[in-house]
Ligand SMILES: Cc1cc2nc3c(=O)[nH]c(=O)nc-3n(C[C@H](O)[C@H](O)[C@H](O)COP(=O)(O)O)c2cc1C
Ligand SMILES: C=C(O[C@@H]1CC(C(=O)O)=C[C@@H](OP(=O)(O)O)[C@H]1O)C(=O)O
C-alpha cells in the first residue's frame with residue numbers, strides 16, 4: 001500500500017484505525033518556524049470523534065505526540081513526525097465484516113487487492129480516522145502560511161438538502177475569523193440547526209447523509225502553479241480526493257460553470273484603488289491556466305453519505321459466495337461533513353504550501 005504524497009512537501013501517513021497508533025511524517029518543511037501547539041490541539045478537537053450525537057460514539061483524545069522535527073517549538077528542518085495513539089477500539093464489531101462486504105466501504109476492493117489480508121477493523125488504513133494526522137499536518141501548514149499572510153477557512157455548504165450560501169467574491173479575513181469561532185461554521189445564521197435535524201433524522205432512520213464543504217485560501221499571491229500536470233487544481237484535487245468519502249472536487253463555480261455563457265463565466269480584471277489586480281467575479285476560483293491569479297482560491301468538496309449504516313442492506317458473503325443481508329452494528333458517523341470541514345482546510349493549506357515550494 002502506498003502512503004506517500006510527494007511533490008515539494010512529502011507526506012507519509014501510517015497506521016490503522018484499530019492498530020496501536022496513527023500518524024504522519026512531513027518532509028521538506030522549512031526550518032525555523034515557531035509552531036503553536038495549542039492551535040494544533042484546537043484543530044484536532046474540531047475533527048475528533050465522539051463529541052455528540054451527530055458523530056460516531058468512539059471517543060478518542062486525538063492528542064499528537066511529536067517524535068521528531070521540532071525543538072523548543074521551532075521546526076528544525078528534519079522530517080516532522082506526529083503520532084496519535086488509538087485507545088477506544090471495539091474490534092469485535094468487525095468480525096462479520098471480514099466476510100460480509102459493506103456496500104459503499106472499501107471492504108470488497110481491498111479484499112481483492114490485498115487477498116483478504118487487509119485489516120477491516122474500523123476500516124483499517126482506509127478509515128476516516130487517518131484524517132486525524134492530516135489535520136495535524138494541515139495545522140502546521142496553516143501556521144506557516146499565516147506567517148506569509150495567507151489565511152485558510154471553510155464552511156459547511158450543504159448537508160443533505162439543507163444549503164448554506166457560497167462565499168461572496170469579497171470574502172475577507174474577518175469573515176473567516178467569524179467562521180472559525182463557530183463549532184459548525186455556516187455563513188447564514190441558524191442554518192446549522194436545520195442541518196443537525198437532517199443528520200439526526202437520518203440516524204433515527206438507521207441511515208446517513210452527505211454534503212459539501214467550501215474552502216478558501218485568501219491572499220495567495222498570483223503565479224503559484226503550472227500548466228497541465230502540475231496545475232494547482234491537479235494537486236489540490238489529488239489531495240482532496242485522498243480524503244475518504246470525497247466524491248467530487250470543484251473550483252470556483254466549477255459544478256455549475258457549464259450552464260453559464262462565456263460572458264458570465266469570465267472574471268473581468270480591474271485595478272483597485274491601491275493598484276492591485278482583482279477580478280470583479282471569481283467563477284474560476286482564483287486559478288486560471290493552472291496558476292493562481294491573486295483572487296481567493298476556492299474549492300468545493302462533496303462528501304457522500306457515510307457508507308456504514310444500520311439499515312438492513314443486500315450484499316455478498318465472500319467466503320460462502322452467497323447473496324446475504326447485512327445489518328451493520330457498531331459506531332458510525334451519521335454524517336461525515338461537519339467533522340471534515342477542518343480536514344478540507346488541512347488539505348487546502350498543505351496543497352498551497354506545497355505548490356509555493358518554499
Ligand atoms: C472524518 C471521517 C469520518 C468517517 N466516518 C465513517 C464512519 O463512521 N463509518 C463509515 O463507514 N465511513 C466513515 N467514513 C468514510 C469511509 O472511511 C470511506 O467512505 C471509506 O473508506 C471508503 O472510501 P470512499 O468513500 O472514498 O470510496 C469517514 C470519513 C471521514 C473523512
Ligand atoms: C474513529 C474515527 O472514525 C471512524 C471512521 C470509520 C471509517 O470507516 O472510516 C469507522 C468508525 O470506526 P470505529 O468502528 O472504530 O468506531 C469511525 O468511528 C475517527 O474519525 O477518528
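None of the figures in this text is laboratory data; all of them are computed from the coordinates on show. Just so it is clear, the model here is predicted, and its values are computed rather than measured. Heads up, the Cβs are rebuilt from the backbone with ideal geometry, glycines too, and the neighbour counts pull from every protein chain shown.
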| Per the Debye formula with a single identical scatterer at each Cα and no solvent contribution, what log10 I(q)/I(0) holds for region 86-222 at q = 0.11, 0.13, 0.14, 0.18 Å⁻¹? | -0.62, -0.82, -0.90, -1.11
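In what sequence, highest mean first, do 211-220, 94-103 appear when ranked by Cβ atoms within 10 angstrom? All intermediate terms of the calculation are to be shown ahead of the outcome.
Details: 211-220: 24.0, 94-103: 18.0.
The densest-packed peptide leads the list: 211-220, 94-103.
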| remark: Check: C-alpha center region 10-76 vs C-alpha center region 290-337, spacing in Å is 24 Å
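With a 10 Å radius around each residue's Cβ, average the other Cβ atoms per peptide and rank 165-171, 262-268, 347-353, highest first. Spell out each step's value before the answer.
On the way: 165-171: 15.6, 262-268: 11.7, 347-353: 27.7.
In descending order of packing, they fall as 347-353, 165-171, 262-268.
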| Between region 264-289 and region 183-213, the alpha-carbon center distance in angstrom | 33 Å
| query | Of the peptides 127-137, 14-24, how do they stack up when ordered by the mean number of other Cβ atoms within 10 Å, highest first? | reply | 127-137, 14-24
| 345, 181, 196 arranged by Cβ crowding within 10 Å, fewest neighbours leading | 181, 196, 345
| task | Rounded to the nearest 500, what is the 222 nm mean residue ellipticity of the chain from helices alone, with -39500 (n - 2.57) per DSSP H run of 4+ residues and division by all residues? | result | -7500 deg cm²/dmol
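Quick one: of the DSSP bridges fully inside region 4-356, what percent are antiparallel, nearest 5?
Numbers: 55 of 56 bridges.
If I count the DSSP bridges inside region 4-356, around 100 percent turn out antiparallel.
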